[in-house]
Amino acid sequence: MNTKISIQAVNKVFHTTHHHIHALHDIDLSVQHNEFVALVGASGCGKSTLLRIIGGLETMSSGQVLVDDTPIRGPGRNRAMVFQDYSLYPWLSVIENIRFSRQLKEHTRNDSLSDVASAVDRSYVLLELMGLDTVKDSHPNQLSGGMRQRVAIARALMSKPEVLLMDEPFGALDAQTREVMHDLLLHLFEVEKSTIVFVTHDVEEAIYLADRVVVLAPDPGRTDSIYDVPLPGPLERHQDLKMAPEFLELKKVILDRIRQTSGVQTDLDKLQRLTGRRQAAAGA
């Protein structure tokens, strides 16, 4: 496979009046064309910051990020981002939200009449793929959380981005809706042939969706470990795979690694020792 995204020695330092916060330290990572990579790790490890840098929404302090061997200088039409909070325009209908990018000059300045017609067709295809064709004239406040997130994903896909960046897009959904969204995203991933970088706190979600899972460690945020996912292709995955021995073993390995890098395990050990001493003192 060809490298789609190349992250090279990326550092990010946030400066405040009294402090310098080193959010990312020498991040090196390559993402291949049509690869699904999930970023996991403890809070504060820089997952969202790194995603925003790839999207051109955040500047890096040093290093560089290349997409198709071209350094990014800001947002671009070859990249689209989906956020956890949907970020829909409440005054627009479902179909108007999906087509919103068509109002931006960056996406339409060289369009012919056939391009416009093709875009209209694509919006209806996305509506159907997302199961939103019956609510196309509804507004966001009339939709469930799962429907709103489907609108957000369809809007991101409207401009045919080569890279889809997703920042905990299913974090606010209930477990059943999240599973539906997982299978829908895998289907779209196969159909659209895009490259996806996906941030999540949910290790099970990361393994089920991704080709590789990257663990970031905090203080400062850095690449700790990378795991290949031994599951079949997107269209062959199903929810029962989450109970397979190799799935559960990989989940345990990654969770243990996150605990080790976050310091949470150390805190638990201290608590257990403290509890043990108290119980011993009470029995004396």
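For the chain, what number results from the quotient of the Cα radius of gyration and 2.2 N^0.38 Å?
On the way: Rg = 21.1 Å, N = 284, 2.2 N^0.38 = 18.8 Å.
The value comes to 1.12.
Along Cα→Cβ, 7 Å out, is where each label goes; now give me the distance between the ones at Q32 and F100 in nm to one decimal.
3.5 nm
What is the angle, in °, between the Cα long axis of helix 113-129 and the longest principal axis of the Cα atoms in the chain? Nearest 10 is fine, range 0 to 90.
50 degrees
So how do R237, R273 line up by other beta-carbon neighbours within 10 Å, fewest first?
Details: R237 18, R273 10.
Ascending number of Cβ neighbours within 10 Å: R273, R237.
Ranking M166, M81, M147 by Cβ neighbours within 10 Å, fewest first, what do you get? The partial results should precede the final answer.
Details: M166 25, M81 22, M147 19.
Result, fewest neighbours first: M147, M81, M166.
Hey, what angle do you get for helix 145-157 against the long axis of the chain, alpha-carbon based, 0 to 90 degrees rounded to 10?
Relative to the chain, helix 145-157 is tipped by roughly 60 degrees.
Taking the chain as the reference, fit the longest principal axis to its C-alpha atoms, fit the long axis of helix 245-262 to the helix C-alpha atoms, and give the angle between the two in degrees, 0 to 90, nearest 10.
Here the helix axis deviates by roughly 70 degrees.
For Y227, Y89, what's the fewest-to-most ordering of other Cβ within 10 Å of each Cβ?
On the way: Y227 18, Y89 12.
Least to most surrounded, the residues fall as Y89, Y227.
For the stretch 40-108 and the stretch 197-262, what is the separation of their Cα centres, given in Å?
23 Å
Calculate, for D121 and H20, the FRET efficiency according to 1/(1 + (r/R0)^6) with r their C-beta to C-beta distance and R0 41 Å; round to the nearest 0.05.
On the way: r = 51 Å, r/R0 = 1.23.
Rounded to the nearest 0.05, the efficiency is 0.20.
Give me the number: length gained by fully extending S87 to Q176, i.e. 0.36 nm times residue separation minus the C-alpha to C-alpha distance, one decimal in nm. Intermediate results must be reported in sequence, preceding the final value.
Details: separation 89, 0.36 × 89 = 32.04 nm, distance 2.22 nm.
Gain on stretching S87 to Q176: 29.8 nm.
Per 0.36 nm of contour for each residue apart, how much would the distance between N141 and S225 grow if the chain were fully extended, relative to their Cα-Cα spacing? Spell out each step's value before the answer.
Values: separation 84, 0.36 × 84 = 30.24 nm, distance 4.09 nm.
Answer, rounded to one decimal: 26.1 nm.
So if each residue of separation counts as 0.36 nm, and I subtract the Cα-Cα distance between H201 and S6, what length gain in nm does that give?
Between H201 and S6, full extension yields 67.9 nm more.
Output the direction-averaged projected area (hull surface divided by four) of the convex hull of the alpha-carbon atoms of the stretch 159-241, in nm². Could you put the intermediate results ahead of the total?
On the way: hull surface 25.1 nm².
If you wrap the Cα atoms of the stretch 159-241 in a convex hull and average its projections, you get 6.3 nm².
At 7 Å along the Cα-to-beta-carbon direction for both L66 and D183, put a label point, then send me their distance in nm to one decimal.
Rounded to a tenth, the inter-label distance reads 4.1 nm.
Go ahead and set up a Gaussian network model of the chain, Cα springs under 10 Å, then flag whichever of I254, I21, I72 fluctuates most.
Highest fluctuation among the options: I21.
Values in this text are rule-based calculations from the coordinates and carry no lab data. Just so we're clear, the structure is a prediction, and the values are computed from it rather than from any experiment. FYI the Cβ positions are ideal-geometry reconstructions off the backbone, even for glycines, and counts take in every protein chain you see.
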